[in-house]
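Below: one structure, written as structure tokens.
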Amino acid sequence: MKGSELIADYLVEQKVPYMFGICGHGNVGMLDALHARRDKIQLISPRHEQCAGHMADAYFRVKHRPVATLTSTGPGSANMVMSLATALSDSSAFLAITSNVPTSQMNRAPFQELYAHNQADFPNVLRPVVKRSFQPSRVDMLPLALRQSFDTMVTGRPGPVNLDIPYNLYQEEADVEVPPKAHTLGLHRPAASNADIAAVVALLKDAHKPVFFIGHGATLSEAGPALTALSQRLGVPIITSPNGMGCVPADDEMTLGFIGRNGAYPANQAGRHADVILTVGTRFDDRSSSSWHAGYSWNFPKTKLVHVDIDPQELGRNYPPTVGIVADCKVFCEQMLSAVNEAQIDSGRFASWREQVIAWQKEWEDFIRPNFSTISTPIRPEYVVGQLQKVLPDDVILSLDSGVHHNWFMQFWKPQRAQSMLNSWGYSSMGFGVCGVLGAQLAAPDRPCVAVVGDGGFTMTPYVVCTAVEYNLPCVWIVWNNFAWSAIRDIQYGMFGGRELGTAFYKGAQGPGGERYNPDFAAWARAAGADGVTVTRSEDLAAAVQQAVRNRRPCVIDVHVDAEVRPPSTGTWQLPPTPFKEPLFGKPYIA
């Protein structure tokens, strides 16, 4: 078999339906093998390699099955760094097949070889942003590399893997067979020990104010039903990271939302006042811990911590756990449900705690709810979030880009299903939401897929509309148009005396006080063959979104949003050495 045939057949064997990639002289030998198998695996070719990676990442987040990307030598593969870093940061998996110079030319400085430190050295470019990189140098090395690549991607904590292929391997032949199928996600699920479960039960028996804190690990293990049953059995509230949202019922009064500076007030209050935190499949990064300042989101070590994660490196990274457990989140929750029932823990012991949490929920609702119905031009951010929550179907997949709009959705969006709110959380990559919606639509062709993206992020990656038109993908992009890199502009305003430079868009480089500028995004969409609508009045938003979803066509909705309204902070966040700000709503509490 040719190397390219072996690769293609293995992807088919693994039931990979798509390869997202862009042609180049370095991978053209692979394209012929894909052409011969185009009834079994489809090549989807976006207009930029970064987009291919984000599409594969989003596909995995929705489907929990990895697909592959294909890039050429040199710049094409270098464009994958952003999307690989995004996937690695959020524990998302795909196989990044990069191409390299022929083995006979290695270390001779042929076209697009990196050779200053080692021949064909491109895998070292990707080393920090992948779980593992493989570089077979002969066709007979491919079977093992392919199987190990798939095993590595989905075993333990998922992550992207790089398979770097010298050009000649696509065309050269060897007497090889397609290797056996690799593992599938979820086949191997480590459990907590009996001693660890007993220790957690003992903590719960002594607790008066316990809280769950869940993240992407819970989503990846599909622990939602077990988590819901466990929290309802105990009557214990749940705080969710953005990548954990949707795992548990969003409308339940014990689902408190996100924590940290742009979290919900009840979540920060529960974190501050809890005596036991059961953290399942998430980590304490700076944004979900108010930059680790005691009393703003958490009160460790006075608060006892149970930290459960499939990756042992995450245990104790920022807060030493009282009980640290390496386990699959779903298995742990099922074990705990049995143990809680056996121990006959009475949920009534937490009744006063639940009443306190409900009171915080009401305080928060009384504070925020009036702005959700405010009619204004430009449109208030809360109104946009509220209208989308009303008019988008429950099965919508929301693909969110990095930007100030994401802060509003972290704070207020209530996804109705798991794997339906896609965020670039760990790496906060602009372009993920813009491109990822394409992969989400391929993963769930019958569901509406809507991207809410900033004007800055959309302008970075506008070619996505071309891909949607080419492949008839009915994605909708809602551009949060505030004529600025608004999240960074707000940092300038808040931390540097209101001076602004390089964070807002002005015509003719006029600078502050000049005429704000952005392209006509709706016209841009129409030029690409998609639908395009501009919304400047609150009253027109709902109908425009409903019509776009109903049409089942690619569509860009340019929504002019008020840049002067900022998310109400309920925790804090610090960029040292700049001083951190006090919460706008609520106040720290040190136990």
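Please treat every number below as a calculation from the coordinates, not as lab data. Predicted model, so just to flag it, every value in this text is computed and none were measured. Every residue, glycine as well, gets a Cβ built from its backbone with ideal geometry; the counts of neighbours run over all protein chains shown.
A few remarks follow.
- Dipole moment magnitude, nearest 20 debye, the stretch 194-362 about Cα centre, only Lys, Arg, Asp, Glu C-beta charged: 540 debye
- Distant-in-sequence amide H partners of Thr255 (H built 1.01 Å from N, under 5 Å): Ile238
- Bridging of Lys15 to lysines at a Cα separation below 18 Å is possible for Lys40, Lys63, Lys181, once same-chain residues fewer than 8 apart are set aside.
- Unit charges at the beta carbon, dipole of the stretch 194-362: most positive-side option, Pro210, Thr282, Leu315: Pro210
- Placed amide H near Tyr18: partners under 5 Å, 5+ positions off or other chain: Gln42, Ala68
- 3J(HN,Hα) along the stretch 205-220, derived from phi through the Karplus expression 6.51 cos²θ - 1.76 cosθ + 1.60 where θ = phi - 60°, amounts to 5, 8, 6, 10, 9, x, 9, 8, 10, 10, x, 5, x, 5, 5, 5 Hz, with x in place of Gly and Pro.
- Remark: spin-label model distance Gln232-Arg550 equals 3.5 nm, labels positioned 7 Å along the Cα→Cβ axis.
- The stretch 74-122-the stretch 418-487 distance, computed between alpha-carbon centres (Å): 26 Å
- Helical contribution to [θ] at 222 nm, DSSP H n ≥ 4, -39,500 (n - 2.57), averaged over the chain, rounded to 500: -11000 deg cm²/dmol
- Any cysteine of the chain lacking a neighbouring Cys Cβ under 4.7 Å - listed by number: Cys23, Cys247, Cys329, Cys333, Cys449, Cys466, Cys475, Cys555
- Couplings for the stretch 326-340, taken from phi via the Karplus curve 6.51 cos²θ - 1.76 cosθ + 1.60 with θ = phi - 60°, read 8, 6, 5, 5, 5, 4, 4, 5, 5, 4, 5, 4, 5, 5, 5 Hz in order; Gly and Pro are left as x.
- The alpha carbon centroids of the stretch 540-579 and the stretch 12-26 are separated by 34 Å.
- Computed from backbone phi, the HN-Hα couplings of the stretch 5-14 come to 5, 5, 4, 4, 5, 5, 4, 5, 4, 7 Hz, rounded to whole numbers (Karplus: 6.51 cos²θ - 1.76 cosθ + 1.60, θ = phi - 60°; Gly and Pro given as x).
- Cβ-based net charge around Pro166, under 11 Å, with every Lys or Arg adding one and every Asp or Glu removing one: -2
- In a reduced charge model with +1 at each Lys and Arg Cβ and -1 at each Asp and Glu Cβ, the chain shows a dipole moment near 600 debye about its Cα centre.
- Percent of alpha-carbon pairs separated by more than 26 Å within the stretch 413-557: 30 percent
- Proximal lysines to Lys205, defined as alpha-carbon separation beneath 21 angstrom and excluding residues fewer than eight positions away on the same chain: Lys302, Lys304
- Distant-in-sequence amide contacts of Ile310, defined by a placed amide H-H separation under 5 Å and a gap of 5 or more residues or a different chain, comprise Ala327.
- Label point at Val469 placed 7 Å out along Cα→Cβ; residues across the stretch 513-528 whose backbone nitrogen lies under 12 Å: 523-528
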